[in-house]
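What follows is a set of notes on a single structure, which appears directly below.
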Amino acid sequence: MNQRPLSPHLGVYKFAYTMSLSILHRITGVASSVGFLIFAWWLMALASGPDAYAAAMSCLSSPLAKLLLAGFTFSFTYHFCNGIRHLVWDTGRGLEKAQARRSGWFVIVAAMVLTALLIWFGCAAIAPPAGGP
């Protein structure tokens, strides 16, 4: 039998936080896909008339749905920021260990800040005006 070399796998490498960022990038890509399917469902309900929209909004207004929406928002912003990081790497920049570590932390902080801003702006946009009509 021909003994072929094994591909590297998790058992070969010592775990590093950069591995967790890479794994999180893949997970957030899948989560974003699911989130955009829900967004497409909401848009179809919006276009289908008041009854379909009311049904969608009653489902999406639950506390669990709001928590999932916040998770989707973080998923999207993390995946977006980390994608930009990967594009920079594709130019050959930021590949040194210290630079990769700094950019990893920057991506996490940027995703959290962007998530907080998007949720804050979203809540401010739907809040009733102060002082009444």
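Data overview
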read-out	value
For 123, 81, order by how many other beta-carbon atoms lie within 10 Å, fewest first	123, 81
Distance (nanometres) between label positions extended 7 Å along Cα→Cβ at residue 3 and residue 100	3.0
Student exercise, the chain dipole from Lys, Arg, Asp, Glu Cβ charges, in Debye to nearest 20	640
Residues 66, 97, sorted so that the one with the fewest Cβ neighbours within 10 Å comes first	97, 66
Scaled radius of gyration (Cα, divided by 2.2 N^0.38 Å) that the chain gives	1.45
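All of the numbers you see were taken from the coordinates with simple rules; none came from a lab. Everything numeric in this text was worked out from a predicted model, so none of it was measured. Using ideal geometry, Cβ is built from the backbone for each residue, glycine included, and neighbour counts are taken over all protein chains shown.
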